[in-house]
1. Mind telling me which of the residues Gly80, Gly60, Gly99 ends up being within 20 Å of Leu156 (Cα to Cα) and at pLDDT below 85?
2. Please count how many residues of the stretch 1-55 are under 14 Å from the mean Cα position of the chain (by Cα), at pLDDT 70 or above, hydrophobic (A, V, I, L, M, F, W, C) and farther than 12 Å from Val164 by Cα.
3. Can you run down the residue pairs with Cβ atoms below 6 Å, 6 or more apart or on separate chains, where the first is in the stretch 46-58 and hydroxyl-bearing (Ser, Thr, Tyr) and the partner is in a loop (DSSP other than H, G, I, E, B)?
4. Could you check the stretch 141-167 and list, in sequence order, the residues that are among the acidic types (Asp, Glu), touching a helix residue (DSSP H, G or I) at 6+ places or on another chain (Cβ under 8 Å) and surrounded by fewer than 23 Cβ atoms within 10 Å (Cβ to Cβ)?
5. Please count how many residues of the stretch 51-63 are farther than 19 Å from Phe19 by Cβ and out of contact with any helix residue (DSSP H, G or I) (no Cβ under 9 Å at 6 or more places or on another chain).
Amino acid sequence: MITALGGDGVLAPDLLRNFDVELDFDTRQVNLFKPHRCDDQVVYWTDEYTVVPFVLTEQGHIRIDVAVNGVPLKAMLDTGAPSTLIGDDTLQAKLGLTGDQRNARLLVGGNGGALGAAPVKLDSLRIGKFLWPNPLVFASTREAWKADASDMLLGLNEIGGLHVYIDYRDRKLYLSRRQARAQR
């Protein structure tokens, strides 16, 4: 699911998977391309990128491999989620950490859904070759992403820092860091 960058709607996977999709957060644009065979020649905006294979789940969501504190996990991408979420159960079982739900906040997603979650400071999050040191994620008792066999949900805190090209046909994400904006 891609929530419109201005918040005016939702583009669902049933439509998007017919295209290659570029999410350019610097220009606040979603670009749709006719799928074509360019074999790793799709990144035109930078030389510094990583290619991450993905699984398209039964619900049509993109699931990728990530590493949290060096531990391999499965993550579902969701541009409608403002923050990255991990379930309390996953946090405890796979990372040996606990979320303090007494500090829970109400997080509201791009489609209006709300969920209580507690902030958790992790050591690291790695997607492909890109590393986020000390990312702030939120632990939740509700783990809707489990239906997609995912351990966590990657939200805009991390996705919004990337330039994303989705090749649905070959099941690859082409990711680069966003370009630094010039000071005005």
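The values are calculated or read from the model by the stated rules, or taken from the named source; none is laboratory data. Since the model is a prediction, treat every value here as computed from it, not as a measurement. Note that we place each Cβ from the backbone using ideal geometry, even for glycine, and neighbour counts take in every protein chain shown.
1. Selected residue: Gly80, the only one of Gly80, Gly60, Gly99 that is within 20 Å of Leu156 (Cα to Cα) and at pLDDT below 85.
2. 2
3. If the second residue must be in a loop (DSSP other than H, G, I, E, B), the pairs left are Tyr49/Val43; Thr50/Gly128; Thr50/Lys129.
4. Glu143
5. Qualifying residue count for the region: 0.
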